[in-house]
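The values are calculated or read from the model by the stated rules, or taken from the named source; none is laboratory data. Every value quoted in this text rests on a predicted model; they were computed, and no experiment measured them. Virtual Cβ from ideal backbone geometry, glycine too; neighbours counted across all protein chains shown. Remember, those area values only see protein heavy atoms, side chains included, never the ligands or the DNA or RNA. Shrake-Rupley method; radii C 1.70, N 1.55, O 1.52, S 1.80 Å.
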Amino acid sequence: MAVKVPILKQGKVLIASIQEDLSDSDILDLQHRILEDVIRCRAEAVIIDVSAIGILDSFGTKTLSEIAYSVRLRGAKLVIVGIQPDVALSMVLLGLTLPDIPTALDLDRGLALINGG
Amino acid sequence: MQHPPDVLVQAIRYDTDVISARQLGRKRAEELGFSRPDQALVATAISELARNIVVYADQGEIELATIHQPDRVGIKITAKDRGPGIADLESALADGFSTGNSLGLGLPGTRRIVDEFDITSSPGLGVIVTVVKWSRR
């Protein structure tokens with residue numbers, strides 16, 4: 001399967017920037033690669049940028065939470081950045097929230113959150 | 001300007017079909033003048049219904065029909081499959097209930113984000129979910 005989401009390494013931070021609407025298997029592939037890379041690169045933090053995503057439904061949200069909790073168990077931080085206003089609204093109406101998972105407006109603020117906290 | 005066809009059908013079998021269906025729905029909602037939040041809700045509802053087909057029934061289809069009324073326009077989304085059906089509809093519509101490995105928010109969540117919701121199923125005869133989202137003018 002082609003890699004849909006490149007994971008960039010900047011120092012001890014991994015940045016996964018989602019560029020297009022992902023299928024369920026693409027999201028699972030991303031989950032797998034992030035967890036591998038966190039170990040391989042000894043990363044201390046992961047940022048997932050979802051600003052290009054027009055929809056986050058129950059499966060996408062569930063998988064993002066699973067990624068966040070697994071990364072945390074590795075002793076690293078995870079921040080989700082760029083959830084679009086319409087996406088946020090439909091997530092809340094659907095009953096989906098990301099409890100305990102830090103979020104930030106954009107990549108810059110996500111990096112600030114990691115460096116500051 | 002040529003009118004787009006009033007009924008669109010997307011066959012659902014693979015998870016990439018889920019993406020096609022929700023993109024089709026978002027585009028149609030946009031063409032009909034739905035607000036951006038409502039476009040996202042239409043796409044989300046389609047995504048949940050289409051995923052249920054892939055996960056629980058192997059294959060089926062999503063039909064999108066436009067409803068024109070004097071004071072409003074709507075999109076009727078019909079999700080049909082010929083899978084095993086749902087034995088306990090009441091539980092399937094309750095938050096947090098799932099027989100798959102999911103959050104159990106697909107059907108109850110979808111019901112919350114649309115204006116009309118109807119589901120029929122019998123064991124062995126598949127599932128038909130019909131929802132309507134209106135855009136007020």
**OP:** Please identify the helices of chain A, taking whole runs of DSSP H, that span at least 18 Å along their own axis as judged from the Cα atoms and have a mean Kyte-Doolittle score of -0.5 or higher.
**Re:** A:24-40, A:58-73
Subject >> Interface size A-B, as summed buried accessible area [1.4 Å probe, Å², nearest 100] >> reply: 1800
**OP:** Report in % the part of the accessible area of segment B:43-114 that belongs to carbon and sulfur, leaving out ligands and nucleic acids; probe 1.4 Å.
**Re:** 48
Subject >> Low-density loop positions, chymotrypsin sites (Phe, Trp or Tyr not before Pro), segment B:43-126 - DSSP coil, at most 13 other Cβ in 10 Å >> reply: none
Subject >> Extreme residue, positive dipole direction of chain B, given options B:GLY83, B:ILE46, B:LEU105 (C-beta unit charges) >> reply: B:ILE46
Original post:
Mind checking the dipole of segment B:52-93: about its Cα centre, +1 per Lys or Arg Cβ, -1 per Asp or Glu Cβ, Debye to the nearest 20?
Top reply: 160
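What per residue convex hull volume, in Å³, comes out for segment B:7-136 when only alpha-carbon positions are used?
Here the figure is 94 Å³ per residue.
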Original post:
Using alpha-carbon pairs under 8 Å, 6+ residues apart, how would you state the relative contact order of chain B in percent?
Top reply: 24
Original post:
Cβ under 12 Å from A:ILE47's Cβ, A:ILE47 left aside: what net charge do those residues give with Lys, Arg +1 and Asp, Glu -1?
Top reply: 0
Original post:
What's the local net charge at B:ASP15, with K and R +1, D and E -1, over the other residues with C-beta under 11 Å away?
Top reply: -1
Subject >> Total charge dipole magnitude, segment B:7-136, about the Cα centre, Cβ charges on Lys, Arg, Asp, Glu only, Debye to nearest 20 >> reply: 340
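Residues with beta-carbon under 13 Å from that of B:ARG28, excluding B:ARG28: net charge, scoring Lys, Arg +1 and Asp, Glu -1?
Working: positive: B:ARG22, B:ARG26, B:LYS27, B:LYS76, B:LYS133; negative: B:ASP6, B:GLU30, B:GLU31, B:ASP38, B:GLU63.
Net of charged neighbours comes to 0.
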**OP:** For chain A, calculate the relative contact order in percent as a whole number, restricting contacts to Cα pairs under 8 Å that are 6 or more residues apart.
**Re:** 24
Original post:
If you find the alpha carbon centre of segment B:52-123 and of segment A:86-117, how far apart are they in angstrom?
Top reply: 28
Subject >> Average other protein chain Cβ within 10 Å of Cβ, residues B:12-24 >> reply: 3
Original post:
Any idea what angle helix B:36-52 forms with the longest principal axis of chain B, computed on alpha-carbon atoms, 0 to 90 degrees, nearest 10?
Top reply: 30
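Counting only protein heavy atoms, what percent of the accessible surface of chain A is carbon or sulfur at a 1.4 Å probe?
Roughly 56 percent, rounded to a whole number.
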**OP:** Using a 1.4 Å probe on the heavy atoms of the protein chains only, list every residue of segment A:37-71 that has 40 Å² or more less accessible area in the complete assembly than in its chain alone.
**Re:** A:ILE55, A:ASP57, A:SER58, A:LYS62
**OP:** Using the heavy atoms of the protein chains and a 1.4 angstrom probe, tell me the accessible area per residue for chain B in square angstrom.
**Re:** 51
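Summarise the long-distance tail of P(r) for segment A:7-116 by giving the % of C-alpha pairs beyond 19 Å. The partial results should precede the final answer.
Details: 2287 of 5995 pairs.
Roughly 38 percent, rounded to a whole number.
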Original post:
Given the convex hull of the Cα atoms of the protein assembly as shown, what is a quarter of its surface area in nm²?
Top reply: 14.8
**OP:** About the Cα centre of the protein assembly as shown, how large is the charge dipole given +1 on each Lys and Arg Cβ and -1 on each Asp and Glu Cβ? Please answer in debye to the nearest 20.
**Re:** 520
Original post:
When Cβ neighbours within 10 Å are restricted to other protein chains, what is their mean count per residue of peptide B:102-112?
Top reply: 4
